[in-house]
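**Q** Mind looking over this structure? Questions follow.
The values are calculated or read from the model by the stated rules, or taken from the named source; none is laboratory data. These numbers come from a predicted model, not from an experiment. Cβ sites come from the backbone with ideal geometry, for glycine too, and all protein chains shown count toward neighbours. Accessible surface areas use protein heavy atoms only, side chains included; no ligands, DNA or RNA. Shrake-Rupley method; radii C 1.70, N 1.55, O 1.52, S 1.80 Å.
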Amino acid sequence: MAPLKILICGGGCAGPALALFLARSGHQVVVVERFPVLRAQGAQIDLRGQGIETVRRMGLLKTIRDACVGEGGACCVNAQGEVIATSMANTSGQGAQTLTSEYEIMRGDMVRTLYDATKDNVQYIFGKSVEHFEQDGNGVTVHFSDNTSDTFDLLVGADGQNSRIRKAILPPNGPDPYRRMGIYIAYFFIPRRETDNNMVNVYFCPGSRLIFRRSPESSETGVYLMFRDDSPELHSISKASVEQQKAFFAQRFRGAGWEMDRFLEEMKTADDFFCHECVQIRTDTWHKDRVVLLGDAGYCPSPFSGMGTTVGVVGAYVLAGEISRNPDNLPLALENYDKTLRPFITEVQKINPTYIRLFMPESRWGVAIIQWIVWLLCLLHVPSILARFAPEEEGGWKMPDYPSLNSVA
């Protein structure tokens, strides 16, 4: 069969991961990214279970490991900054990962690694986006933001949880794909102090708020602000201006204790502030004719799963693998992609928002109870024991093997 001409919309992690595998199969791959340059920035992400195995099959495991930030573990602190409980990362090479993965990496480093591994065999176009498309049995005609158009054998929407590609292929008047959790997150980076360590510091505070401090870099510390609120009007907070978002979070977290005064003062000048609503994407429609969804666009698991990057790269491997098996029958390839991957996504998305919300209590008494529970669990080494004896494969789902895609290195 002649090589397929495939357009991937989205240059984050999942899109370039798919590009790597497709290019390895000899296909002509184009990645279009709406940002004018490679968006090699963002918060700390990680790989777990099948995601680690997928990167190994890419041939990039050593590169990724060398770029990891070396976060030692997680500790719970009180309002005075005193450590209440500690859980270390599982670096034994056996069992599952703990709250901190052995493969913690900055999103920018992951994006750069995938870009460097594909730039010689994949065409990247920056500052351009898909406006609309039409398709028939022979291909997809895509119209871009610069008024140009082109025809492809397959269009892949890897354009995130607010995917425009998904919106275009979902049935009209169908169910809402967003499963809302009533939880919002903002993150930004501030200058690191000598007292900042290589642990993720977790601070529970009254008012249904949760704060993380992570210091993976020599010069920067990451601050993560989370709160829960079911008010429908907050759904649009991510569409407000950055100045409005900062003002909102400053008002919401003022007086929270610990190092909040420092965080809010530095937030004023942070140029990488970003906030979003925590959601899952659940839809029965992952593909329509010659258009298919990948990663967060099709099945965002939410940040609380710890599996966002993993499902993105695993989904890329499965999609490329099924295309490699059926290059002359894309409808069958996409059907098999859904059939093979969906059980894994179903397991990963088994998150009860109620349990998550319990760790964001409103009252001081609630915070005290949560701190006591965390102290007891860590005292008994429960997180480490569970990780040590839990299977490495998340959800018990065994990855399929596509030998033609695997690195020979």
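**Q** Do any strands (runs of 3 or more DSSP E) lying entirely in segment 89-148 carry at least 1 residues that are at pLDDT 95 or above and in contact with a His (Cβ under 7 Å, 6 or more places away or on another chain), and which ones are they? Please lay out each step first, then the result.
**A** Working: elements: 103-106, 123-126, 130-136, 139-144.
So the answer is 130-136, 139-144.
**Q** Within segment 331-348, can you find the residues that are crowded, with 17+ Cβ neighbours inside 10 Å and out of contact with any helix residue (DSSP H, G or I) (no Cβ under 7 Å at 6 or more places or on another chain)?
**A** Leu334, Asp338
Matching residues to (1) open to solvent by 30 Å² or more (accessible area, probe 1.4 Å); (2) in contact with a helix residue (DSSP H, G or I) (Cβ under 6 Å, 6 or more places away or on another chain); (3) outside the structural domain of Gly306 (by the TED database); (4) not in a loop (DSSP other than H, G, I, E, B):
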position: Ile45; (1), (2), (3), (4): yes, yes, yes, yes
position: Gly51; (1), (2), (3), (4): no, yes, yes, yes
position: Gln80; (1), (2), (3), (4): yes, no, yes, no
position: Ala85; (1), (2), (3), (4): no, yes, yes, yes
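**Q** Here is a follow-up. Quick one: in segment 364-375, of everything that is over 29 Å from the mean Cα position of the chain (by Cα) and in contact (Cβ under 8 Å) with a residue 12 or more places away in the chain, which residue is least open to solvent (accessible area, probe 1.4 Å)?
**A** Of segment 364-375, the ones over 29 Å from the mean Cα position of the chain (by Cα) are 364-366, 368-369, 372.
Among the residues that remain, those that are also in contact (Cβ under 8 Å) with a residue 12 or more places away in the chain are: 364, 366.
Details: Arg364: 183, Gly366: 16 Å².
The residue in question is Gly366.
**Q** Tell me which residues, restricted to segment 134-157, are in contact (Cβ under 8 Å) with a residue 40 or more places away in the chain and more than 18 Å from Leu4 (Cα to Cα).
**A** Phe144, Ser145
**Q** Okay, moving on. Check segment 153-160 and report whether any residue there is open to solvent by less than 70 Å² (accessible area, probe 1.4 Å), closer than 27 Å to Glu33 by Cβ and over 22 Å from the mean Cα position of the chain (by Cα).
**A** Looking only at segment 153-160, we keep the residues that are open to solvent by less than 70 Å² (accessible area, probe 1.4 Å), and these are 153-160.
Narrowing further to those that are closer than 27 Å to Glu33 by Cβ: 153-160.
Subsequent filtering for residues that are over 22 Å from the mean Cα position of the chain (by Cα) retains 153-154.
Yes, segment 153-160 contains a residue that is open to solvent by less than 70 Å² (accessible area, probe 1.4 Å), closer than 27 Å to Glu33 by Cβ and over 22 Å from the mean Cα position of the chain (by Cα).
**Q** Would you confirm whether any residue within segment 34-42 is open to solvent by 20 Å² or more (accessible area, probe 1.4 Å) and either assigned to a helix (DSSP H, G or I) or free of Cβ contacts under 8 Å to residues at least 24 places away in the same chain (or both)?
**A** No, that holds for no residue.
**Q** From the list Glu243, Glu233, which residue is out of contact with any helix residue (DSSP H, G or I) (no Cβ under 8 Å at 6 or more places or on another chain), without any contact (Cβ under 8 Å) to a residue 40 or more places away in the chain, farther than 29 Å from Asn352 by Cα and loosely packed, with under 15 Cβ neighbours inside 10 Å? Before you say what the answer is, go through the steps one by one.
**A** Values: Glu233 fails: farther than 29 Å from Asn352 by Cα.
The conditions single out Glu243.
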